[in-house]
Amino acid sequence: MEKFTSLTSVAAPLPLVNIDTDMIIPKQFLKTVKRTGLKAGLFYELRTDEQGNPKDFVLDEPAYKDAKILVTGDNFGCGSSREHAPWALLDQGIRCVIAPSFADIFYNNCFKNGILPIALPQEQVDMLMDDARRGSNAVVSVDLESQEIKGPDGGTITFEVDAHRKHCLLNGLDDIGLTFEKAEHIDQFEAKRKATQPWL
Amino acid sequence: MSNPRTLFDKIWDNHVVHRQDDGTCLLYIDRHLVHEVTSPQAFEGLRMTGRKVRRPENTLAVPDHNVPTSGRAQGIADEESRIQVETLSRNCEEFGVQLFGMNDIRQGVVHIIGPEQGFTLPGMTIVCGDSHTATHGAFGSLAFGIGTSEVEHVLATQTLIQKPAKNMRITVEGDLLPGVTAKDMILHIIGVIGTAGGTGYVIEYAGEAMRKLSMEGRMTICNMSIEAGARAGLIAPDETTFEYIKGRPLAPKAGNWEQAVAYWKTLPSDAGAKYDKEIIVKAADIEPQVTWGTSPEDVVGISAFVPAPSDGRDANKKSAIERSLDYMGLKAGQRVQDITIDKVFIGSCTNGRIEDLREVARIAKGRKVAESVYAMIVPGSGLVKLQAEEEGLDEIFTAAGFDWREPGCSMCLAMNADRLSPGERCASTSNRNFEGRQGRGGRTHLLSPAMAAAAAIAGHLVDVRDYE
Ligand code: SF4
C-alpha cells in the first residue's frame with residue numbers, strides 16, 4: 001500500500017448527500033478480476049449520458065482533473081461493500097475524501113488503499129466546499145501527521161483519525177503482515193475454540 | 001464477568017484473539033463466505049505473496065451475482081461475467097475451498113445458502129465480501145460485510161483487525177397489523193432512523209413483534225441493517241432459531257447438539273445491559289410500506305402521497321428529494337397507489353426464501369399478472385426452487401403469468417442480463433433503490449413480496465390488504 005503523509009492539491013466539490021457505491025462505480029465495472037484501470041467506471045452515470053458520451057462533470061473540468069481531494073456530502077460511500085469504489089477513486093488520483101460522514105465499510109476500505117477519509121462537522125465541510133468551488137485558485141493541504149487541513153486563505157482545521165489506522169497509513173503497512181506476527185495468538189485461540197466449541 | 005453484557009458484547013468478547021492498548025482487536029472469524037465479484041483480487045493477493053487459505057474448511061464459495069437466471073445449459077454468454085465465475089472455480093480448486101458451482105442444486109445467493117446449509121450458527125463471527133452479510137445476524141451471530149483487502153486478510157489469517165461497534169437496540173412493541181410483514185417493519189425502521197442512522201452501530205432488534213417472526217422474517221430484517229447504516233444486525237437466538245437449524249447439513253450433529261444449544265442459550269443480552277442508543281417503534285404504526293425515491297429511507301405507507309422537496313428537514317435533504325423526484329419521474333403530492341409499474345422483481349437475499357414465495361403464491365393464486373407488466377420470480381437458491389416446485393408454487397406462478405427462473409442475484413443489482421431499461425419502473429422485493437441499481441435509468445420501488453405480487457396483478461402500486 002502507498003503511504004499517505006501529506007498532500008497539497010485543488011479540491012473537487014461534489015455536493016451531493018448519500019453518494020452510494022453504485023454511483024461511485026456501477027456494476028458493469030465490477031466484472032474485472034483486477035484492481036487497476038477502474039478510473040473509466042468512476043462516477044460513470046454522473047459523467048456520461050446514456051449513450052456513453054461525456055457530460056459536464058466536476059472531475060473532467062480542467063481545474064479539477066488533477067484534484068487529489070474530493071469534498072462531498074453526508075453518508076458518502078453507503079451501500080455495497082465493493083472495494084472497487086476506493087480502487088476507482090485511487091485510479092483517478094483521489095487520495096483524500098472529506099465529508100460530514102462516511103458509511104462504515106467504505107471508510108474502512110479507504111485505509112486499506114492509502115486513501116485518507118476525513119469526517120468533519122457540516123459547517124467545516126461547507127467552508128471547504130466553498131473553497132473547492134474556487135477551482136485552481138484554491139489549494140488545500142492535508143497533513144496526516146499533524147492531523148491538519150490548511151485552507152487556501154490560511155485557516156486551519158484539525159481532524160480526528162484512529163491511531164492504529166494513522167500509523168498504518170503513514171508507514172504504508174500491510175495489515176496481513178502485521179497479523180502474521182501474531183500467529184501464535186491465533187494458534188492458541190483455535191486450540192481453545194476446538195476444546196470448548198467442538199461443533200465449529 | 002459481572003457487568004451485564006449485550007449479545008454483541010458477548011460474541012465480541014468470545015472472539016478477541018489479541019487486544020492492543022488503543023482498543024484495536026484482532027478478531028477471530030468462524031465462517032467466511034465468498035462470491036465471485038469481491039474475491040478475485042484477494043486470491044490474486046495470496047498468490048502474489050505465496051500465502052495459503054488458513055482454514056479452507058470454514059470457507060464456502062458460490063457464484064451468484066453474475067449467473068444467468070435462464071438457459072444455464074448454454075453457460076454464461078457475457079464474457080467478463082463468465083471469466084469472473086470461472087476465476088472463482090479456479091481459485092477454489094487451487095486453494096482447497098468448497099464451492100457450490102452454478103449447476104449445483106445448492107447454488108444460490110450467498111446469504112441464502114449459508115443459513116440453508118447450517119453453515120450459519122448462533123454466536124459465530126461471519127464475514128463475506130458483501131454488505132448484506134448482515135442477514136446472518138438473524139441467528140444471533142455477528143455477521144458483517146468486508147472489502148476485498150479484508151477478504152484477503154481473512155483468507156490468510158482467519159482473523160480481522162477491528163474496533164468494537166456501539167450497541168443500538170430497536171424494539172418493536174406490540175403486534176403487527178394483518179397484511180404487514182418483516183419487510184414492512186424494516187423499511188419503516190429505515191424511514192425512522194435514516195440510512196445513516198445506524199452508522200457505527202450494531203443494531204439488536206428486539207420486542208414482541210420480532211420474537212414472533214420466523215427465521216425467514218428475521219433474515220429479512222437483519223439483511224437491511226446495512227440500509228439503515230449499520231454494518232450488522234442481531235436477533236437473539238431462541239427456540240425458533242434452534243428449530244430452524246436442527247438437521248441442516250452443516251449443523252452440529254447428535255453428540256454436539258445439546259452442548260451447542262446450551263451455549264447458544266447463554267448468548268441473549270443480559271437484563272440491564274447498556275445500549276448506546278435505544279429506539280422504540282410501535283408495531284401498530286406500521287402499514288405496508290413502499291419506497292418512492294432513490295434512497296431506502298425514502299419510504300412511506302401505501303396509503304400515503306409522494307412528498308415534496310419542502311418536506312426535507314434541511315437544505316441537503318430538500319435538494320436530494322428534488323433530485324429523486326426527477327430521477328423517479330414522480331410529482332410531489334401524487335398518490336402512491338396511482339404509480340403504474342412496468343416490471344416486478346421478486347427475489348434477492350432480502351426476500352428470496354421459501355416463505356416469501358409462499359406469500360407471493362397466496363396473492364397470485366387464481367389471479368393474472370396485468371397485461372402491461374412483466375413479472376419475474378427468482379428463487380434465492382436451487383433448494384428454495386426445488387421446495388417451491390414440490391409445493392406446487394411454480395404452477396401457481398406460471399398460471400398467473402409470472403416468469404419462474406433459476407436462482408441468483410439477478411435484477412437485485414442487474415449484473416447479469418436481467419435489468420431495467422432507462423425509464424422503466426419496477427416493484428422490487430430487493431433492498432436498494434439507488435439510481436441505476438437495477439439498470440441505468442431504471443426506477444425501483446422497494447416493497448414486500450406480497451405487495452410486489454399485488455402490484456404485478458394490479459399493474460400499479462396497491463395495498464395488498466385489498467387482495468387478501
Ligand atoms: S441478492 Fe442483491 S443484495 Fe443480495 S447479495 Fe445479491 S446483489 Fe447483493
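Which ³J(HN,Hα) values in Hz, rounded to whole numbers, follow from the phi angles of segment B:108-122 under the Karplus curve 6.51 cos²θ - 1.76 cosθ + 1.60, where θ = phi - 60° and Gly and Pro get x?
3J(HN,Hα) across segment B:108-122, in whole Hz: x, 5, 3, 7, 8, 6, x, x, 4, 8, x, 6, 8, 9, x.
About the Cα centre of the protein assembly as shown, what is the dipole size in debye to 20, counting +1 per Lys and Arg Cβ and -1 per Asp and Glu Cβ, all else neutral?
It works out to roughly 740 debye.
Would you calculate the separation in nanometres between label points at B:GLU57 and A:LYS182, each defined as 7 Å from the Cα along the Cα-to-beta-carbon direction?
Distance between label points: 2.4 nm.
I'd like the distance between the alpha-carbon centres of segment B:181-225 and segment B:35-112, rounded to an integer number of Å.
Taking the Cα centre of segment B:35-112 as reference, the centre of segment B:181-225 is 30 Å away.
Between A:LYS3 and B:ASP338, what is the spin-label point distance in nm, taking each point 7 Å from the Cα along the Cα→C-beta axis?
Between A:LYS3 and B:ASP338, the simple spin-label model gives 6.4 nm.
With a 1.4 Å probe and all protein chains left in place, how much accessible area per residue does chain A have, in Å²?
41 Å²
Show me the three semi-axes of the equivalent ellipsoid for segment B:101-229, from the C-alpha gyration tensor (sqrt of 5 times each eigenvalue), largest first, rounded to whole Å.
Semi-axes from the Cα gyration tensor: 26, 19, 12 Å.
Using amide H atoms built 1.01 Å from N in the peptide plane, name the residues 5+ places from B:GLY200, or on other chains, whose amide H lies under 5 Å from its own.
A:ASP104, B:ARG231
Mark the label point 7 Å from the Cα of B:ASP311 along Cα→Cβ and return the residues of segment B:401-433 whose backbone N is within less than 18 Å of it.
Backbone N within reach: B:433.
How much length is gained on full extension from B:ASP326 to B:ARG47, taking 0.36 nm per residue of separation minus their Cα-Cα distance?
Between B:ASP326 and B:ARG47, full extension yields 95.7 nm more.
Dividing the Cα convex hull volume of chain B by residue count, how many Å³ per residue is that?
Convex hull volume per residue, Cα atoms: 149 Å³.
Quick one: Debye curve from the C-alpha atoms of segment A:100-200, no solvent, what's log10 I(q)/I(0) at q = 0.24 Å⁻¹?
So the normalised log intensities are -1.26.
Any residues in segment A:52-96 that have 40 Å² or more less accessible area with all protein chains than in their chain alone, probe 1.4 Å, and which are they?
A:ASN75, A:GLY79, A:SER81, A:GLU83
In segment A:149-200, which GluC sites (Glu not before Pro) are in a loop and have at most 13 other Cβ atoms within 10 Å, using DSSP for the loop call?
Here the sparse-neighbourhood loop sites are A:GLU160, A:GLU181.
List the relative contact order of chain B as a percent without decimals, with contacts defined as Cα pairs under 8 Å and 6+ residues apart.
Relative contact order, chain B: 17 percent.
Cut-off 17 Å, label point 7 angstrom out along Cα-to-Cβ of B:THR398: give me the residues of segment B:338-370 whose amide nitrogen falls inside.
Those under the cut-off are B:361, B:365-369.
Quote the FRET efficiency, to the nearest 0.05, computed for B:ASP22 versus B:SER303 with a Förster distance R0 of 35 Å and r equal to the Cβ-Cβ distance.
Calculated value: 0.10.
Which of the residues in segment B:307-325 show a loss of at least 40 Å² in accessible area from their chain by itself to the complete set of protein chains, at a probe of 1.4 Å?
By number: B:ASN316, B:ARG323.
For a quick check, take a GNM of chain A with Cα springs below 10 Å and name the residue from A:ASP131, A:ASP175, A:ASP66 with the largest mean-square fluctuation.
For chain A, modelled as a Gaussian network with Cα springs under 10 Å, the answer is A:ASP175.
Suppose R0 equals 22 Å; then what is the FRET efficiency for B:ASP78 and A:GLU50 from their Cβ-Cβ distance, rounded to the nearest 0.05?
0.65
Dipole of segment B:43-100 (Lys/Arg Cβ +1, Asp/Glu Cβ -1, origin at the Cα centre): which of B:THR69, B:GLY45, B:PRO56 lies farthest to the positive side?
B:PRO56
Tell me, what is the FRET efficiency for B:ASP285 and A:ALA163 to the nearest 0.05, using R0 = 35 angstrom and their Cβ-Cβ distance as r?
Result of the calculation: an efficiency of 0.20.
May I ask you to give the percent of accessible area on the protein assembly as shown that is carbon plus sulfur, with a probe radius of 1.4 Å?
The computed percentage sits at 49.
Shape of segment B:404-453 from its Cα gyration tensor (a ≥ b ≥ c, root eigenvalues): rounded if a/c is under 1.5, otherwise prolate when a/b > b/c, or oblate?
Oblate, because a/c is 1.5 or more while a/b does not exceed b/c.
Given H placed on each backbone N at 1.01 Å, which residues far from B:ALA143 in sequence or on other chains put an amide H within less than 5 Å of it?
Those qualifying (amide H under 5 Å, at least 5 residues apart or on another chain) are B:ILE126, B:GLY137, B:GLY233.
How big is the convex hull of the Cα atoms of the protein assembly as shown, per residue, in Å³?
Spelled out: Cα convex hull of the protein assembly as shown, divided by residues, is 147 Å³.
Please give the length that would be gained between B:GLU278 and B:SER319 if that part of the chain were fully extended, namely 0.36 nm times their separation in residues minus their C-alpha to C-alpha distance (nm, one decimal).
Between B:GLU278 and B:SER319, full extension yields 11.8 nm more.
If you keep only loop residues by DSSP, which GluC sites (Glu not before Pro) in segment B:380-462 have at most 15 other Cβ atoms within 10 Å of their Cβ?
When the GluC sites (Glu not before Pro) of segment B:380-462 are filtered for loop state and at most 15 Cβ neighbours within 10 Å, B:GLU391 remain.
Considering amide H positions built from the backbone, and no H for Pro or chain starts, which residues 5 or more places from B:GLN107, or on another chain, come under 5 Å of its amide H?
Result for B:GLN107 returns B:GLY382.
Please tell me which of these pairs span more than 22 angstrom C-alpha to C-alpha: A:LYS68/A:LYS166; B:LYS10/B:LYS166; B:LYS10/B:LYS212; B:LYS212/B:LYS253?
Those over the limit are B:LYS10/B:LYS212; B:LYS212/B:LYS253.
What is the Cα convex hull volume of segment A:22-132 when expressed per residue in Å³?
Looking at segment A:22-132, the number lands at 100 Å³ per residue.
How much accessible area is lost when chains A and B come together, counting both sides, with a 1.4 Å probe, in Å² rounded to the nearest 100?
For chain A against chain B, roughly 5500 Å² becomes buried.
Quick check on segment B:268-390: what does the Kirkwood estimate of hydrodynamic radius come out to from the alpha carbon pairs, in Å?
17.9 Å
Give me the number: length gained by fully extending B:ASP175 to B:ALA271, i.e. 0.36 nm times residue separation minus the C-alpha to C-alpha distance, one decimal in nm.
Extra length from B:ASP175 to B:ALA271 when fully extended: 32.3 nm.
Show me, for segment B:263-272, the HN-Hα J-couplings you get by feeding each phi into the Karplus relation (A = 6.51, B = -1.76, C = 1.60, θ = phi - 60°), rounded to Hz, glycine and proline as x.
3J(HN,Hα) across segment B:263-272, in whole Hz: 5, 4, 6, 8, 7, x, 3, 6, 4, x.
May I ask you to list the trypsin sites (Lys or Arg not before Pro) in segment B:31-82 that are in a DSSP loop and have at most 15 other Cβ atoms within 10 Å of their Cβ?
B:LYS52
How far is the Cα center of segment B:251-324 from the Cα center of segment A:100-130, in Å?
Value for the Cα centre distance between the two parts: 25 Å.
The values are calculated or read from the model by the stated rules, or taken from the named source; none is laboratory data. If you're wondering where the values come from, they're calculated on a predicted model, not measured in any experiment. Counting neighbours? That spans all protein chains shown, and the Cβs are built from the backbone with ideal geometry, glycine included. Surface areas here come from the heavy atoms of the whole protein model, side chains and all, with no ligands, DNA or RNA. Shrake-Rupley method; radii C 1.70, N 1.55, O 1.52, S 1.80 Å.
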